[in-house]
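> My questions will all concern the structure given below.
Read-outs throughout are calculated quantities, based only on the coordinates presented, and are distinct from any laboratory measurement. What you see is a predicted model; the values in this text were computed from it and never measured. Cβ atoms come from the backbone with ideal geometry, glycine included; neighbour counts cover every protein chain shown.
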Amino acid sequence: MFVEEILEKNAQLIENFMVNHLTKEGVPPILWESVIYGAMGGKKLRASLLFATAGAYRIEEERVLPLAAGIEMIHSFSLVHDDLPCIDNDDFRRGKPSLHRAFGEAMGVLAGDALLVEGLRMFVENEEFLRNFGWRKTVAVMQVLLRALGNQGMVGGQVLDLLYQGKEGVQEEDILDMYRRKTAFFIQAPILCGSILGDASKKEQKVLAQFGLLVGECFQIKDDILDVIQESTRLGKTAGKDLAQGKATLVRVRGTQEAEKIMQDKFQTAYRILESLSRDFSLLLALSHFVVTREY
Ligand code: GRG
């Protein structure tokens, strides 16, 4: 199966799980509808990274589905809030109007909040997940996710993104630091979660952490390149926004070709360090290759 087919199959699995497990009872219909709207669509890459890592430790997809769905809901929350008028002000996401355009700004805020909270509940309150992995691993996984999202992670990264906007002379290292926080930590997180659930050795966890961070950086650099070279319809979101909004990006300071080269170097390093482990991580490597070759 090609990587894109695997991604599609996994996306279907995740979306079905979300629809079937997100409680409707006692929830205002507009909230349920907008949460589902925000959670649907997209590549569901982070879920696939978790499946691939857990799979390397012989954990079946079904057993990590609640966590995979939760991670994707949390990721969807970040996109919904990112699109709000007070942040990136985008009307288009995942090939459809962004959530606040479809349901209004207040629902953009509230459905975003719900995606974060219900995303955590998706696995923390799942009896089978708790039975399979126990409290210790469940808390460890939550720590990984919350650390990636917190003030030193995604929230802090998003703040830096806003502060650097329209500013001249932002240094390359500051941009890469912002990429790590805003994006890379939450690409690294599902890989770390898979390694924790799989009882990976300390050495394997360290290598997977380095690998995940590099792939996460590659993901954001590729995102910036696509913003310049790809069309909105293929991206499912508004292309050319970074330049229009004066965003500090690697493409802006180094140009598209140089940015591509920096990304390829990081990808090669990531590939080499993961290959140094004797376990079969071929699916994880294939997904990381997709990250740097993707067109959307
Ligand atoms: C974490 C509490 C808390 C707040 C979040 C709004 C915000 C603060 C952060 C925004 C972070 C963000 C949206 C970073 C960009 C990362 C990025 C390029 C996402 C696109 O991911 P894809 O391409 O999206 O995987 P799909 O639609 O495929 O799921």
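> Just to be sure I understand: if I project the alpha-carbon convex hull of region 200-289 onto a plane and average over all orientations, what area do I get in nm²? Numbers along the way, then the final one.
Details: hull surface 26.6 nm².
Over every viewing direction, the Cα hull of region 200-289 projects on average to 6.6 nm².
> Within 10 Å, at most 14 other Cβ atoms, and a DSSP state outside H, G, I, E, B define an exposed site. Report the longest part of the chain free of exposed GluC sites (Glu not before Pro).
61-124
> Also, I was wondering about something else. Considering Cα pairs under 8 angstrom that are at least six residues apart, work out the relative contact order of the chain and quote it in whole percent. Let's see the in-between values first.
Working: 400 pairs, mean separation 55.8, N = 296.
RCO, the chain: 19 percent.
> Which residues in region 85-116 place their backbone N less than 11 Å from a point set 7 Å from the Cα of Tyr296 along the Cα-to-Cβ direction?
94-96
> Quick one: what do you get for region 1-105 if you divide its Cα Rg by 2.2 N^0.38 Å?
Numbers: Rg = 14.8 Å, N = 105, 2.2 N^0.38 = 12.9 Å.
Against the compact-globule rule of thumb, the ratio is 1.14.
> Related question: On the principal axes of its Cα set, how long, how wide and how thick is region 22-76? Give whole Å, largest value first.
The Cα atoms of region 22-76 stretch 41, 22, 12 Å along their principal axes.
> I've got another one for you. Pick out which of Ala270, Ala148, Ala140 has the largest mean-square fluctuation in a Gaussian network model of the chain, springs linking Cα atoms closer than 10 Å.
Of Ala270, Ala148, Ala140, the Gaussian network model singles out Ala140 as fluctuating most.
> In addition: Over its Cα atoms, what ratio of radius of gyration to 2.2 N^0.38 Å does region 21-174 give?
Working: Rg = 16.9 Å, N = 154, 2.2 N^0.38 = 14.9 Å.
Against the empirical 2.2 N^0.38 Å value, I get 1.13 for region 21-174.
> Give the value in nm², to one decimal: projected area of the alpha carbon convex hull of the chain, averaged over all directions. Show your work: numbers first, answer last.
Details: hull surface 57.6 nm².
It is 14.4 nm².
> Quick one: if the Förster radius is 30 Å, what FRET efficiency do Lys261 and Asn151 give, using the C-beta to C-beta distance and rounding to 0.05?
On the way: r = 32 Å, r/R0 = 1.08.
The formula returns an efficiency of 0.40 here.
> For region 48-115, calculate the relative contact order in percent as a whole number, restricting contacts to Cα pairs under 8 Å that are 6 or more residues apart.
Working: 55 pairs, mean separation 18.2, N = 68.
Rounded, it is 27 percent for region 48-115.
> Same structure again: Which one of Thr53, Gly246, Leu160 has its Cα pushed farthest toward the positive end of the charge dipole of the chain, where Lys and Arg give +1 and Asp and Glu give -1 at the Cβ?
Towards the positive end, the residue furthest out is Thr53.
> Then there's this: Over region 147-212, what number does the Rg to Rh ratio reach, with both radii from the alpha-carbon atoms and Rh per Kirkwood? Don't jump to the answer; show the numbers that get you there.
Values: Rg = 14.2 Å, Rh = 12.8 Å.
Ratio of gyration radius to Kirkwood radius: 1.11.
> For each pair in Lys9/Lys137; Lys9/Lys237; Lys44/Lys237; Lys222/Lys266, compute the distance between the two Cα atoms and list the pairs where it is over 18 Å.
Values: Lys9/Lys137 27 Å; Lys9/Lys237 22 Å; Lys44/Lys237 16 Å; Lys222/Lys266 12 Å.
Over 18 Å apart, Cα to Cα: Lys9/Lys137; Lys9/Lys237.
> Here's another thing I want to ask about it. How much mean residue ellipticity at 222 nm does the chain get from its helices, if each DSSP H run of length 4 or more adds -39500 (n - 2.57) and you divide by all residues, to the nearest 500 deg cm²/dmol? Could you put the intermediate results ahead of the total?
Values: 15 runs with 218 residues, N = 296.
Counting only the DSSP helices, I get -24000 deg cm²/dmol.
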